[in-house]
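Written out below as structure tokens is the structure these notes cover.
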Amino acid sequence: MRAAVLKEHGEPLEIEEVDEPEVTPDGAVIEVEACGICRSDWHGWQGDWGWLGLETPEGQILGHEPAGRIVAVGENVTQFSEGDHVAIPFNLGDGTCMQCRRGHGNTCENVMPLGFVEPAPGAFAEEVHVPAADHNLVALPDGVSSVDMAGLGCRFMTSFHGLAHRADVGAGDWLAVHGCGGVGLSAVHIGDALGANVIAVDLTEEKLDRAENLGAVETVNASESDDVPEAVKSLAGGGADVSVDALGIATTCQNSVGSLGTRGQHVQIGLTTEEEEGMVSLPTDAMVMQEVEFIASLGMPPTRYDEIFRMVSTGKLDPSAVVSETVGLEDVSEKLAAMTDFETAGIPVVDEF
């Protein structure tokens, strides 16, 4: 089968013929119909996250936002069958550890990030294998397309978990979203659906325009503002109730925390680059005086996807609205390179393999 393989960090992926995956007793093989191209793929392509023990090895097939149809199931799989239409969360759990048993499979003690570690080859390929299929796979509702659902593997569901489960976003709250890439635009759309007044922050008018189309009531162009936190506070009448760093660089993290009002909540979704190596300085004394919360959010438990689907079915959420374009497997490297200078908008999705 054809796959996009990482040969050298920072260099174009090579399209190669590789062996098709073999199904394991508890696993399933999925024919990939669509796979989002995410900034996390960019991190893996760059060779980031060595400080987390997650530097993506050369020879890896990237891609962690797939949707498609099952073509083979293992003998121990009971909940899925060939032909089922499914999405695959990127944070594959084993289904047996304490975190998984408690419903927190996104923080599995033996998590295997799809597309980033050798035991879990990714989905920039015609087929992908998923271990512990009964635990990891998510059945998609009838009538949805794989392209529209591709973001559910990472960006859309990550934003949903951060806002709907980890933070306390309520009707009328002021929500600031710092960084309007795929995760950020998803957060704008989800925050609006949850009833928040969303302030979108980014460096480019194109992304801010997309944010307005997805529900942002105010925008801040960070390239034109001398003090982003003060600009957000002014719009929010004293400070945001919840603020999200959807990018993961020191500036957006610090601006997000600085945008909060008293007893506000900062949600960290973006992971850092080699410049920060996971360490960002914060105004801890001011956070204490204001009782500001710093909340981390990783992926989403597969057992809670039905919450998204119920909102999709009633028209409150539309994951397809964040999809910006569809491309071929040969175009992945170009899109990854564009992310270096934040030139992509929304979620580009591979649908030709």
Estimated vicinal HN-Hα couplings, Hz - region 242-255 in sequence order (Karplus 6.51, -1.76, 1.60; Gly, Pro = x): 9, 9, 10, 8, 9, 10, x, 10, 4, 4, 5, 5, 5, 5
Answer rounded, prolate or oblate for region 1-88, using the Cα gyration tensor with square roots of eigenvalues a ≥ b ≥ c: rounded when a/c is under 1.5, else prolate when a/b is larger than b/c, else oblate. prolate
Write out the trypsin sites (Lys or Arg not before Pro) in region 1-43 meeting two conditions: DSSP loop, and at most 16 other Cβ atoms within 10 Å of their Cβ. Lys7
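Where the only charges are on Cβ atoms (+1 Lys, Arg; -1 Asp, Glu), what is the dipole of region 148-221 about its Cα centre, to the nearest 20 debye?
300
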Once each part is reduced to its C-alpha centroid, what is the distance from region 1-48 to region 267-340 in angstrom? 20
Given 0.36 nm per residue, what is the gain on full extension from Glu275 to Glu343 after removing their alpha carbon distance, in nm? 22.5 nm
Calculated FRET efficiency, Glu118 and Glu206, Cβ-Cβ r, R0 30 Å, to nearest 0.05? 0.20
Search the structure for amide H atoms under 5 Å from the amide H of Leu317, placed 1.01 Å from N in the peptide plane, and list their residues when 5 or more places away or on another chain. Val312
Check Gly264: other-chain or 5+ apart residues with amide H under 5 Å from its amide H, H built from backbone geometry? Glu293
State to the nearest 20 debye the size of the charge dipole of region 276-353 about its Cα centre, where the only charges are +1 on K and R beta carbons and -1 on D and E beta carbons. 460
The set of residues whose placed amide H lies less than 5 Å from the amide H of Gly122, leaving out same-chain residues fewer than 5 positions away, is Ile61, Leu62, Gly115
In debye, nearest 20: dipole of region 1-125 around its Cα centre with unit charges on the Cβ of K, R (+) and D, E (-)? 580
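For every helix of n ≥ 4 consecutive DSSP H residues, a contribution of -39,500 (n - 2.57) applies; sum these over the chain, divide by its total residues, and give [θ] at 222 nm rounded to the nearest 500 deg cm²/dmol.
Values: 12 runs with 87 residues, N = 353.
When only DSSP H runs of four or more count, the value is -6500 deg cm²/dmol.
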Farthest toward the dipole's positive end in the chain, which of Ile295, Cys35, Ser320, given Cβ charges of +1 (Lys, Arg) and -1 (Asp, Glu) about the Cα centre? Ile295
So for each of 9-15, 28-34 I average, over its residues, the number of other beta carbons within 10 Å; can you give me the resulting order with the highest mean first? 28-34, 9-15
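Since every read-out is calculated from the coordinates, none of them should be taken as a lab result. Keep in mind that what you see is a predicted model, and the values were worked out from it rather than measured. Note: ideal-geometry Cβ built from the backbone for every residue, glycine included; neighbour counts use all protein chains shown.
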